[in-house]
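Data block below; observations after.
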Amino acid sequence: MTEMVRLSNVSYSIESHVLINGVSLRVDKGEFVALAGENGAGKSTLLKLIMGLIKPSDGDILIEGTSTRRQKVSTLARSVGYLFQNPDRQLFGATIRQELTFGLDFLGVSKDDGERRVNETLELLNLNPDRAPTSLSRGERQRVALASLFVRRPTLLLLDEPTTGLDYRECSQMMNQVAALNRESGVTVLMITHDMEVALDFSERMMVLSEGKLIADGATRSVMRDETSLRRASLVPAQMVALAQRLGLAPGEADDAESLADWIADNARGGADDARHS
Amino acid sequence: MIELRNVSFSYEGSADRALDDVCLSIAPGEFVGVIGPAGAGKTTLMHTLSGIVPHVRRGEFFGAANVAGLDTITSTVAEMSKTVGCVFQDVESQFVTTMVEDEILFALENFSIPRDEIPKRVDRALSDLDIADLRSRSLSSLSGGQKQKVALAAALALSPSVLAFDEATGELDPASSVQVFALLSQLRRERNTTIIVVEQKIMLLSAFADRLIVMDQGRVAIDGPVRQTLERPGRLLELGVNCPRVTTLAARLRDKGLYQGAPPINLDEAEVMARGILR
């Protein structure tokens, strides 16, 4: 795998508060990683460090091999897209088309290429170009913000709680689109989420941050069974993972309602196996 | 405690009805969860309970709303705020000070709570939400979730007879969300506080609320006991509301002819269900 992001012993302090404390991690190209942790653990700070919006007090961050210290944020923004928790902080176009077109000029994208990209993105995210972003629901505005990042063809997407405040339908739509972007264009995704169901459904890998330290990093379904780390970071595992664990299943054996129902049926009293034994 | 009779409301400049003939009766000490898709009227409903609709967010109001004996039309928002403690989705919009402790003190002092009682209330609110360490921090230095906890603490410190939360745990980590809901349950038990919460996390609502209201297009689409409502996952999905995974599991087991009981509403009940089927 090719390396996308590497943090080597990164710390970040503001006044006397240590917000990030000696974090080392690596994310490879094309990965979909969830980042979880308690309120105030430093998750958003970590994303801002990776985006280059703030520079580490100690240690180094490499994006595709280049240190964020040696790059301007404007250069980094060509390859890294950052979706804020609140989409209203990044939307200002009068129409969706304007929102998407804005910025492409600055990146030196030709008019034809720009138009092609905007149209592709509108179609991919199923957006009406003539609508005003302000007339949309929060979920739709969140998708416009995602589109305005994606039109720039980033190689890395940093998402800060992209599903907060969205209803179930908006949440599924948003996450399915992020997953499609990851699968089809290979964009690397690093997503902060408190929703463990979303983390389980969409991320292969999960990192847990607590009090500025990385305390767990591994396959999502395994990390969710790490009760000590979860408790430390005020997390609650996804329901089906917790239930599978209580019932003594191995990690990954059955982590969703469908496969757990199948497993229960296979091991039910009076089931096929019982009949064989009697 | 809360009585809405045929309430309809359209925001100024809009022909659409944000609330459309809503009738609702909530008894003292009830814990009611409100869920539904974006634009269903959930926030408008909460604003109606606090008098913000139609006094601050103006428009055409029909029907009658009464909260704890106060008519929301003839009462001022200030009067309502002594009875109904609100926390909104965007907490930054409701902060009036710049420091954590001041924010909690502000309402207590303005509502003429006896002087010697104020420090006790502040301490209790801070410790209830586990934010005693943030006491002297500036609000701008806090994370989104920490700010939400401060707004919750400020509302709880007033111990109003009605608590109305509009997606007030959206930015909290999972354990803190559970903690807030457990705290609400305790208030209901100890002080008979009436609780009405808009929340997208169906797992929290099903584990803590006793009644679920599903809103759709300004109307009350479903209103019933939580467990009974969860027995119709198909109808909920049509309304854009997901079921907790434990309920989905129960539905799958029912399809397989393995389970006939009521749907579980939490992990413990789901474990009992599964062990009852397993050999």
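Numbers for the structure displayed
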read-out	value
Debye intensity ratio I(q)/I(0), log10, segment A:143-238, q values 0.11, 0.21 Å⁻¹ (C-alpha model)	-0.34, -1.10
Descending semi-axes in Å of segment A:181-278, equivalent ellipsoid built from Cα gyration tensor	31, 17, 9
Check: segment A:3-220 dipole with +1 on Lys, Arg Cβ and -1 on Asp, Glu Cβ, in debye	620
Ascending count of other beta-carbon atoms within 10 Å, so fewest first, for A:Ser74, B:Ser206, A:Ser8	A:Ser74, A:Ser8, B:Ser206
Average Cα contact separation per residue, chain A, under 8 Å, 6 or more apart, as relative contact order %	22
Only Lys, Arg (+1) and Asp, Glu (-1) charged, at Cβ; the protein assembly as shown dipole about Cα centre in debye	500
On Cα atoms only, tilt of B:245-255 relative to the major axis of chain B in degrees	20
Once the Cα gyration tensor of chain B is diagonalised, semi-axes √(5λ) in Å	32, 25, 16
Cα convex hull of the protein assembly as shown - mean projected area over all directions, nm²	27.7
Descending semi-axes in whole angstrom, ellipsoid equivalent of segment B:214-253, from the Cα gyration tensor	20, 11, 7
Where only C-alpha atoms are counted, convex hull volume of segment B:65-142 per residue in Å³	120
Share of pairwise Cα separations in chain A, more than 23 Å, in percent	57
Residue exposure sequence - B:His47, A:His17, B:His55 - by fewest surrounding Cβ within 10 Å	A:His17, B:His55, B:His47
Those GluC sites (Glu not before Pro) in segment B:1-90 that DSSP places in a loop and that have at most 10 other beta carbons within 10 Å	B:Glu12
Lysine pair number, Cα distance threshold 16 Å (strictly under), the protein assembly as shown, separation 8 or more or different chains	7
Listed residue (B:Val7, B:Gly276, B:Leu45) projecting farthest to the positive dipole end of chain B, Cβ model	B:Gly276
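Any read-out appearing in this document is the output of simple, stated calculations on the displayed coordinates, not a laboratory observation. Owing to the predicted nature of the structure, the values given are computational and were not obtained by experimental measurement. Glycine gets a Cβ as well: all are built from the backbone with ideal geometry, and neighbour counts include every protein chain shown.
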